[in-house]
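Q: Got a structure here, written out as structure tokens. Questions coming.
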2 protein chains.
Amino acid sequence: MNIGLASTRSGVSQRMIRHYERIGLVPPPARRDSGYRDYDERDVHRLRFIANARDLGFSVAEIATLLGLWEDRERASAEVKHLALEHIEALDEKIAKLQAMRATLNELAERCHGDERPDCPILSELANAAPSTDAELR
Amino acid sequence: MNIGLASTRSGVSQRMIRHYERIGLVPPPARRDSGYRDYDERDVHRLRFIANARDLGFSVAEIATLLGLWEDRERASAEVKHLALEHIEALDEKIAKLQAMRATLNELAERCHGDERPDCPILSELANAAPSTDAELR
DNA sequence: CCTTGACTCTAACATGATGTCAAGGTCCAT
DNA sequence: ATGGACCTTGACATCATGTTAGAGTCAAGG
């Protein structure tokens, strides 16, 4: 099947299918005489796997590992679970960071009148908070 | 003062200071005869403002607006607050997305034995979930 | 005065994941 | 055989940031 159909069926854009091929995440598919890429069900299945993993926020590097594990029927599920737990931790960190931002901003917004008056704690806080503090947050 | 000191004092890397200058987020500083950039307190203050806004997750475009509001002593605080509230909404969306990922992944991980056996719901789910579903999640 | 080390300059390339556009070839149904 | 839908590669764009390289500058100490 053509790349367009493989894209529709897998949920991976044509652009990204070609990209994954180029970076070696997926094997180069068969080619027709015309040069058109020719995908089979197995290829689409693999692409769908990738799309799902991406939707869970795994990076390409992690997906490469997951694909390897997926294709190795002998691997211990512990390995997979370990990767998943690590990724959950990473997600937790990102969530915590965003929540901290939200809390700070929300607190500032609550202290801002939000009317015609020009004074605003949001701006004055942005203008005055110490750089060292910020560095720590980063 | 030199860019190195301005960087330390503001918490913005030298790379990003030059970048912000190039994209017009900050005005070009004075130059010495040698060509070295020469910053004053006002410049550092502005950079610190930018660093703080970035730490709260504002994009460069949003920061440009905030800087404009900051430098306009007549503006209504309502404008600033509106921007902040919009940004809080954006943060909430990101947080919700990450939390959904986390929940899915956590549920899969809990159903994975995590031992020597090869069967693992994490991989089988990645392999089988429908692409349409994923598209919706995106 | 000269050397040395720390600092600065610009420009370019890299990251990660993705989009878009352009110029050209292919496929198929009418 | 023609038109429209599809495919090919390549290049440029995004966003914020890092890194590196080659070259110039500054200041302090011998």
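The values are calculated or read from the model by the stated rules, or taken from the named source; none is laboratory data. The model shown is predicted, which means the values in this text are computed figures rather than measured ones. Here Cβ is always computed from backbone atoms with ideal geometry, including for glycine, and neighbour counts include all displayed protein chains. Heads up: the accessible areas ignore ligands, DNA and RNA and are worked out on the full protein's heavy atoms, side chains in. Shrake-Rupley method; radii C 1.70, N 1.55, O 1.52, S 1.80 Å.
Q: Given the condition charged (D, E, K, R) and modelled with pLDDT under 90, answer yes or no: does some residue in the stretch B:121-134 qualify?
A: Checking the stretch B:121-134: at least one residue is charged (D, E, K, R) and modelled with pLDDT under 90.
Q: Something else: Which condition number in (1) away from DNA strand C (no atom under 12 Å from the Cβ); (2) closer than 21 Å to residue B:126 by Cβ; (3) touching a residue at least 24 places away in the same chain (Cβ under 8 Å); (4) open to solvent by 70 Å² or more (accessible area, probe 1.4 Å) is the one that residue A:91 fails?
A: (4)
Q: May I pose another question? Restricting to the stretch B:49-72, what's the tally of residues that are open to solvent by 20 Å² or more (accessible area, probe 1.4 Å), assigned to a helix (DSSP H, G or I) and within 14 Å of DNA strand D (Cβ to nearest atom)?
A: 7
Q: Write out, first by first residue and then by second, each pair whose Cβ atoms fall under 7 Å of each other, whose residues are 6+ apart or on separate chains, and whose first residue, in the stretch A:1-17, is within 13 Å of chain B (Cβ to nearest Cβ) while the second is β-branched (Val, Ile, Thr) and more than 10 Å from DNA strand C (Cβ to nearest atom).
A: These pairs meet every condition: A:6/A:44; A:9/A:44; A:10/A:44; A:17/A:3.
Q: Also: Which residues, counting only those in the stretch A:4-46, are more than 11 Å from DNA strand C (Cβ to nearest atom), assigned to a helix (DSSP H, G or I) and either buried (at least 19 other Cβ atoms within 10 Å of the Cβ) or assigned by TED's automatic domain parsing to the domain that holds residue A:88 (or both)?
A: A:6, A:10, A:43, A:44, A:46
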